[in-house]
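Participant: I have a structure I would like to understand better, so I am pasting it below and will then ask my questions one at a time.
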Amino acid sequence: MLRWVRIWSVCVVCGLGSVAVDAADAQGLRIVGWDSGAATGYLDNRLSWWMDWPTAARDHGTFCVSCHTVAPYALGRTALRGAASPGLVEMRLLANIERRVIAWDEVEPFYSDEQFRVGKTIQSRGTEAILNALILANRDAGSGLFAGSTRQALDNLWTLQDTSGAEAGSWPWLDFQLEPWETQSARYYGAALAAVAVGLVPNGYAALSQNRARVARLREYLRSHVDSQHLFNRVTALWASTTLPQTLTAKQRSAIGDEVIRLQREDGGWSLASLGMFARRDGTPIHTESDGYATGLVTYALQLSGLVVAGDSRLERGLAWLRAHQAEDGSWPASSLNRERDPTSDRGRFMRDAATAYAVLAL
């Protein structure tokens, strides 16, 4: 995509590094690149819609925090703004999360047993606790601060961690049989996000005496279960291992990197369909072409992991795919693993929302 750009750079989320977003010489030459402003506009517009969508509304004047639009938005938007202060849309999101964190014992779960079926209340609480902690820890990591609301979110998180049985170290997680985020196997995905959150908290939080046993359980769960996960979960665990060291062994990290690199397509991208044994519930064929979500997630995790270095041709081909496939509205393509959807509808854009955020993180 050819665009007029100015020279600037953006910090990769949480101060983990920085890369040039685009470059042009002093005369402002047109070059091949990506449009960070359009990506910002797309993400802000989508979150604004979500926050006012009646279906997302919850009690106490709050809204649901989703895996597909809200959580990725929070990560991608922080990367886009770098050291700048949050804008109005992001501030509204953060205020919503802080309100629910502080009123944790008063607010209703996103999904309850009464509304849906037995088990959904605890699943919903566990999922929300992880996403709240991730978003607030991500916010604080860039500034080096440790806000009281973030500390409370982590307190809420630890109270729900399973401490015994086969799932010890993980959390209850929503299962609506919707890939890749809301299934029985997505419990591992949630635990990996929890590890990202804990690892991002500044000032040695994970090593504090009151947290050692909790963190040890989390590490053990991720390490002992990783080999049986589909690759989407394993790539997320690789990402987690970059913020919370000793989560995976060096052998496990290398195996994930080797496997995912073998799945790189001829055009340089990755396909979400290749990261697991997925099948749509409506019987329609899953799209198998390269997409922004898989390519963004994989190239992001590989960069953070150090398994590939800048200039590696495989990494550069993946980033080149991302630069070449940004749409005019600022987004990147991706499609549902569960059913065929109208890509222009609001629900049909959910996967595109996640793809855009992870493409931003990777670039």
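Participant: Can you give the calculated 222 nm mean residue ellipticity of the chain, where each DSSP H run of n ≥ 4 adds -39,500 (n - 2.57) and the sum is split over every residue, rounded to the nearest 500 deg cm²/dmol?
Facilitator: Values: 12 runs with 174 residues, N = 363.
Estimated from H runs of four or more residues: -15500 deg cm²/dmol.
Participant: What do you get for Rg/Rh over segment 26-120 if you use C-alpha atoms and the Kirkwood form of Rh?
Facilitator: Checking Rg against Rh, the ratio lands at 1.11.
Participant: I've got another one for you. Work out how far the C-alpha atoms of segment 241-281 reach from end to end along every principal axis, then list the three figures in whole Å, largest first.
Facilitator: Computed over the Cα atoms, the extents are 35, 28, 17 Å.
Participant: Can you compute the radius of gyration and Dmax for the chain, using only the Cα atoms, both in Å?
Facilitator: Values for the chain (Cα only, Rg and Dmax): 19.3, 64 Å.
Participant: Determine the share of segment 217-342's accessible area contributed by carbon and sulfur atoms, expressed in whole percent, with a 1.4 angstrom probe. Let's see the in-between values first.
Facilitator: Numbers: 2640 of 5300 Å².
Here it works out to 50 percent.
Participant: What is the angle, in °, between the Cα long axis of helix 36-52 and the longest principal axis of the Cα atoms in the chain? Nearest 10 is fine, range 0 to 90.
Facilitator: Relative to the chain, helix 36-52 is tipped by roughly 30 degrees.
Participant: Please report, in whole Å³, the volume per residue of the convex hull around the C-alpha atoms of segment 109-261.
Facilitator: Working: hull volume 17.1 nm³, N = 153.
Cα convex hull per residue, to the nearest whole number: 112 Å³.
Participant: Relative to the first principal axis of the alpha-carbon coordinates of the chain, what is the inclination of helix 186-200, with its axis defined by its Cα atoms, in degrees from 0 to 90 and to the nearest 10?
Facilitator: On a 0 to 90 degree scale, this one is about 80.
Participant: Let me ask something else. According to the Cα gyration tensor, what semi-axes, each the square root of 5 times an eigenvalue, does the equivalent ellipsoid of segment 60-106 have, listed from largest to smallest in whole Å?
Facilitator: 21, 12, 8
Participant: Turning to a different aspect of this structure: At q = 0.10, 0.14, 0.19 Å⁻¹, what base-10 log of I(q)/I(0) does the Debye formula yield for segment 193-296 when every alpha carbon is treated as an equal point scatterer in vacuo?
Facilitator: -0.35, -0.63, -0.95
Participant: Which whole-angstrom value gives the distance between the alpha carbon centres of segment 51-115 and segment 143-168?
Facilitator: Cα centres, segment 51-115 to segment 143-168: 17 Å.
Participant: Taking only protein heavy atoms into account and a 1.4 Å probe, give the accessible area per residue of segment 130-182 in Å².
Facilitator: About 34 Å² of surface per residue is accessible.
Participant: Any idea how far apart L145 and T344 come out in nm if each label point goes 7 Å out from Cα toward Cβ?
Facilitator: So the two model labels end up 4.3 nm from each other.
Participant: Separation between the S48 and S313 pseudo-spin-labels, each 7 Å from Cα along Cα→Cβ, expressed in nm?
Facilitator: 4.5 nm
Participant: Report the normalised scattering of segment 82-160 as log10 I(q)/I(0) at q = 0.17 Å⁻¹, calculated by the Debye formula with identical scatterers on the alpha carbons.
Facilitator: Ignoring solvent entirely, the Cα scatterers give -0.68.
Participant: Measure nothing fancy, just the Cα-based angle from helix 231-243's long axis to the longest principal axis of the chain, in degrees from 0 to 90, nearest 10.
Facilitator: Its long axis makes an angle of about 90 degrees.
Participant: Still on this structure: In nm, give the distance between the simple-model label positions of A255 and A84, each being 7 Å from the Cα along the Cα-to-Cβ direction.
Facilitator: Placing both labels 7 Å along Cα→Cβ, they lie 4.4 nm apart.
Participant: In whole Hz, with x marking every Gly and Pro, tabulate ³J(HN,Hα) for segment 349-362 from phi via Karplus 6.51 cos²θ - 1.76 cosθ + 1.60, θ = phi - 60°.
Facilitator: Taking θ as phi minus 60°, the curve returns 9, 4, 5, 5, 4, 5, 4, 5, 5, 6, 5, 4, 4, 5 Hz for segment 349-362.
Participant: Give me the Å³ per residue figure for the convex hull around the C-alpha atoms of segment 299-363. Provide the component values of the computation, followed by the final result.
Facilitator: Values: hull volume 6.0 nm³, N = 65.
Output value, Cα hull per residue: 92 Å³.
Participant: While we're here: Normalise the Cα radius of gyration of segment 124-200 by 2.2 N^0.38 Å (N = residues in it) and let me know the number.
Facilitator: Rounded to two decimals, the normalised Rg is 1.09.
Participant: May I ask you to give the solvent-accessible area per residue for segment 207-363, in square angstrom, as obtained with a 1.4 angstrom probe?
Facilitator: On a per-residue basis, 42 Å².
Participant: In terms of modelled amide H atoms, which long-range or inter-chain residues lie less than 5 Å from the amide H of L178?
Facilitator: Residues meeting the amide H criterion: T183.
Participant: So what's the convex hull volume per residue for the Cα atoms of segment 259-349, in Å³?
Facilitator: Details: hull volume 9.5 nm³, N = 91.
For segment 259-349, the hull spanned by Cα atoms encloses 105 Å³ per residue.
Participant: When the Kirkwood radius is taken over all Cα pairs of segment 51-190, what Stokes-Einstein diffusion coefficient follows at 20 °C and 1.002 mPa s, in µm²/s?
Facilitator: The calculation lands on 137 µm²/s.
The values are calculated or read from the model by the stated rules, or taken from the named source; none is laboratory data. Fair warning: this is a prediction, and the values are worked out from it, not measured in the lab. Note: ideal-geometry Cβ built from the backbone for every residue, glycine included; neighbour counts use all protein chains shown. Accessible surface is based on the protein model in full, side chains and every heavy atom, while ligands, DNA and RNA are left aside. Shrake-Rupley method; radii C 1.70, N 1.55, O 1.52, S 1.80 Å.
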